[in-house]
Structure formats: C-alpha cells, structure tokens
Amino acid sequence: MALAACLFATEVLVVRVLHERGIPVQVQVLFRSMGQLFWVAPLLMRSGTAAFATHRLPMHLLRGLCSITTWTLYFLSYRYLDLATATVLSFTNVMFTTMLAGPLLGERVGVARWVGTVGGLLGVAVMLRPGAEISLPGAVVALLAALSWCGITLTSRSLTRTETTQSVVGWVGLVTTAAAIPFAMTGWVTPGGTDLLWLVGFGLFTPGIIWLVTEALRAGEASAVAPFQYLRLIIIAGFGWALFGEVPDMAAAIGAAFILGGAVVITVAEARRR
C-alpha cells in the first residue's frame, strides 16, 4: 500500500509535467486508458469472450464512464491547484461514498463514518473560506473528480456482487479506451519523441496502482493497511514544496487536516465493517 502511495505521487508529478509540456488532458486520458487495456490484455487473451459475459452491461458501461470522467477531472485539477491541495480534495471521494452508499446500495452507515464525513466536509469549508487563495474553479473540478470517483467505488461494489473480477477489469479497459479515442480527437496534439516517451511510460505504470492496492488488501487486514494509502499526501506535499515552492497557508493546512482525518476515520470504519 505504501508503494501504491508512491506510485500515486509519481502519477501526479507526471501529470504536472505533461501539463507543462502542453499535452492536453484528452491525450493524457487516452494513454491512461490504453495502458489499462494493455494490463488486462493477457487476461482477455486467456479468457477470450468469456471475460465479457455479463447480464449487467449498463452497469459496466456506467463503471467505465465514471472511470474516464474521474481521470479527466482529476488530471485537470492539477492544472489549476497546487499538488497538495488537489490531492487533499481528492480524498473527499470517501465522504461522497458514505453519503450515497445508504440510499444507492442500501448499506448501513455507522456513526464513525458519519463523523468522518462531517469532519471532512468541514475541512472543505475551511479550505474554501471567503478570501482563500485557492482557485475556486480548480476546487470545483477537484470536487467533481471526487464525486465521480465515488461513482467508481459504488458501481464496483455493485458489480462485484454478481460479476467476476476479470469481467469488471475487462469491461473497464474496453469502455475507457473506446470512450477516450473520440474524446482525444477533440484536442489532439501529436506528441514529439520525448513527449511520447512520457505518455507511454505514464500509461504503462498507472494501472499498477490498482494492482498494488488490491494485493495489499489481499495480503493484510484492511483496517491495518488501507490507511497507508494516505501517505501519498505527505509525498506529494513534499514534492510540491521541493520542486515548485508550494506551501499552503495555515487555514488551508487546518482544512486539509480535517479532510485527511475524516478520510482515515471512514476508511478504517469501512474496513472493519467489511
């Protein structure tokens, strides 16, 4: 899980580099999607069309569309916000998931998860207080990314009740790539040799994050290993300070602490519930 956090931080840094090199978000998402498809290709070759056997096609399509929407908004948020702020706001996805898990999935949401949610939303209010230096459009984009990330979580939970892992993974790779191709054409910029290397490397290593998270949860108790994913904030904030001179003000730091604390509380409570 700690290695996954490092890979998350690396992804963010590469996204910032791609932005500075003038690579549009649409192109970034296309290579991210093709990387996902590359990772599942051996699985699909072994299973053939059986990997796509399903009675829940609409839910698979929704899961894929949530993925490509999340990646687009998540990458875009780093164009407008400093690394630490965009990362902190991405953690609000666990608060949105808590609020929607009851009405959409019929899950019982305990007191601890509601306390974490309220604390996290209070942190958002502190960070976006009147007079804050944070870009409001950037914050809106980051929060929308977190909301669509919640869509990934909820659709995945729903699908895993009836579908195999290979079916879920196979459909995600197929849907995101199919959707990313026309999307990339709307802002296509032919990458040069160096840019192409950045994009290929980016597409190939980012799917490894989910693989590492899955293996971490398989190897250890979820309540013990899940909070380690939040190490990425420390790593990203350190890179933001060292490479770009980004230092949040005190109020933003306090708001970030509320959001991070709420996310950890919800994560541990969710892991123990399961």
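The values are calculated or read from the model by the stated rules, or taken from the named source; none is laboratory data. Remember, it's a predicted structure, so these values are computed and weren't measured experimentally. Neighbour counts run over all protein chains shown; Cβ positions are idealised from the backbone, glycine included. Remember, those area values only see protein heavy atoms, side chains included, never the ligands or the DNA or RNA. Shrake-Rupley method; radii C 1.70, N 1.55, O 1.52, S 1.80 Å.
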Does F244 meet the test of being farther than 29 Å from L65 by Cα, exposed (fewer than 14 other Cβ atoms within 10 Å of the Cβ), among the aromatic types (F, W, Y) and touching a residue at least 12 places away in the same chain (Cβ under 8 Å)? yes
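For segment 182-211, name all the residues that are among the aliphatic types (A, V, I, L, M) and surrounded by 14 or more Cβ atoms within 10 Å (Cβ to Cβ).
Result: A184, L199, V200, L204, I209, I210.
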Condition (residue is under 23 Å from S90 (Cα atoms) and acidic (D, E)) applied to segment 193-205: is it met by at least one residue? no
Subset of segment 151-183 [among the β-branched types (V, I, T), part of a helix (DSSP H, G or I) and either in contact with a Leu (Cβ under 8 Å, 6 or more places away or on another chain) or at pLDDT 80 or above (or both)]: I152, T153, T155, V168, V169, V172, V175, T176, T177, I181
Can you name every residue in segment 76-107 that is under 22 Å from A226 (Cβ atoms), part of a helix (DSSP H, G or I) and of a type in the set (V, I, T)? T87, V88, V94, T97, T98
Kindly check whether there is at least one residue in segment 99-107 that is in contact with a Ser or Thr (Cβ under 8 Å, 6 or more places away or on another chain), without any contact (Cβ under 8 Å) to a residue 40 or more places away in the chain and within 21 Å of S67 (Cα to Cα). yes
Count of residues meeting criterion [in contact with a helix residue (DSSP H, G or I) (Cβ under 6 Å, 6 or more places away or on another chain) and either open to solvent by 60 Å² or more (accessible area, probe 1.4 Å) or under 23 Å from I68 (Cα atoms) (or both)] in segment 212-229: 4
So T160 passes all but one of these: (1) closer than 20 Å to R63 by Cα; (2) touching a Ser or Thr at 6+ places or on another chain (Cβ under 9 Å); (3) open to solvent by 20 Å² or more (accessible area, probe 1.4 Å). Which condition number does it fail? (2)
In segment 108-120, is there at least one residue being buried (at least 16 other Cβ atoms within 10 Å of the Cβ), over 17 Å from the mean Cα position of the chain (by Cα) and not in a helix (DSSP H, G or I)? yes
In segment 215-274, the residues that are among the hydrophobic types (A, V, I, L, M, F, W, C), in a loop (DSSP other than H, G, I, E, B) and either touching a Gly at 6+ places or on another chain (Cβ under 7 Å) or at pLDDT 90 or above (or both): none
Going through segment 78-105 one residue at a time, which ones are in contact with an Asp or Glu (Cβ under 7 Å, 6 or more places away or on another chain) and modelled with pLDDT of 90 or more? D82, L83, A84
What tally of residues in segment 1-52 results from selecting those that are buried (at least 20 other Cβ atoms within 10 Å of the Cβ) and without any contact (Cβ under 8 Å) to a residue 60 or more places away in the chain? 0
Specify the residue that is farthest from T87 (Cα to Cα); the eligible residues are those in segment 56-70 that are open to solvent by less than 30 Å² (accessible area, probe 1.4 Å) and of a type outside the set (S, T, N, Q). H60
